[in-house]
Each structure stands twice: as structure tokens, then as C-alpha cells.
Amino acid sequence: QVRLVESGGGLVQVGGSLRLSCAASGSIFRITTMGWYRQAPGKQRELVADITFLGTTNYVSAVKGRFTISRDNAKNTVYLQMNSLSSEDTVIYYCNVLVVGTQYWGQGTQVTVSS
């Protein structure tokens, strides 16, 4: 069993920044890809960014240049630095990790951007 604990969500003003963290623990052999998804009410969950074990990153176009994903393999932790936040970034963010072909999800953390 893999447990994911997210932190860092909250309320921020337009143009502000937040940093999300997700720490994985449990039966981890090796985490390959770690990522962040987000889901707005009534919409499908979408990939925001992910990062491979070796550090190759991938971003959805809407966040390129504003968000930065990183990871600490020694701590099994992935981070999402979010800058220049807009009201459109107000959704629930979910951590996702891939462990030996199995995906695991965090419980989600709410990010609210106020104008």
C-alpha cells in the first residue's frame, strides 16, 4: 500500500504563489513518474505536470512558464511551485505517483485564487 500526503493548498490572491507538496510512503519499490492533476467541478481530471525519476518534466500548456514541478527522490516527495495564479487555477489538485505500473492518488488539496 502506498500513502500520499498532500499539503500546501489554500487561499491566495490573483497573481500570488503557492507551493504544493506530496510525500509518498508505504510499500514503495521505486516511484517512476510523479505528477499533479487537477479537477474542476463537472470536468474531467486533467494532468497539470509530471516528472520522471530522472527529472524529465511535462506541463500542460495552460501552466507553462508559471508552474514548476520538482521532486526529491530521497524523500519520495514531489512539489508544485505555482506562480502568477489566476482565478482559473481555482480547483482541487491531486498528487499522482506511478509505482511499478500502478497509479496511486492523493486525497486532493483545494487551491482557491481570489480576485
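The values are calculated or read from the model by the stated rules, or taken from the named source; none is laboratory data. Because the structure is predicted, anything quoted here is derived from the model rather than measured. Methodologically, a virtual Cβ is constructed for each residue, glycine included, from the backbone with ideal geometry; neighbour enumeration extends over all protein chains shown. What goes into the accessible areas is simple: the full protein's heavy atoms, side chains included, and nothing from ligands, DNA or RNA. Shrake-Rupley method; radii C 1.70, N 1.55, O 1.52, S 1.80 Å.
In table form, for the structure just shown:
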read-out: Residues satisfying the stated conditions in segment 88-114, i.e. in a loop (DSSP other than H, G, I, E, B) and of a type in the set (Val, Ile, Thr); value: Thr90, Val100
read-out: Of all residues making up segment 19-42, the number that are modelled with pLDDT of 95 or more and either farther than 16 Å from Arg71 by Cα or aromatic (Phe, Trp, Tyr) (or both); value: 4
read-out: Condition check for Leu85: out of contact with any Ser or Thr (no Cβ under 6 Å at 6 or more places or on another chain), part of a loop (DSSP other than H, G, I, E, B), touching a residue at least 60 places away in the same chain (Cβ under 8 Å) and of a type outside the set (S, T, N, Q); value: yes
read-out: Of the criteria (1) at positive phi; (2) free of Cβ contacts under 8 Å to residues at least 60 places away in the same chain; (3) surrounded by 13 or more Cβ atoms within 10 Å (Cβ to Cβ), which one Gly42 fails; value: (3)
read-out: Matching residues in segment 59-74 - criterion: being part of a loop (DSSP other than H, G, I, E, B), open to solvent by 50 Å² or more (accessible area, probe 1.4 Å) and either within 21 Å of Val91 (Cα to Cα) or modelled with pLDDT of 95 or more (or both); value: Lys64, Gly65
read-out: The one condition in (1) of a type outside the set (Lys, Arg); (2) under 19 Å from Ser7 (Cα atoms); (3) touching a residue at least 40 places away in the same chain (Cβ under 8 Å) that Leu47 fails to fulfil; value: (3)
read-out: Candidates Val91, Val48, Val78, Val99 - the one that is open to solvent by less than 60 Å² (accessible area, probe 1.4 Å), at pLDDT below 95 and among the β-branched types (Val, Ile, Thr); value: Val99
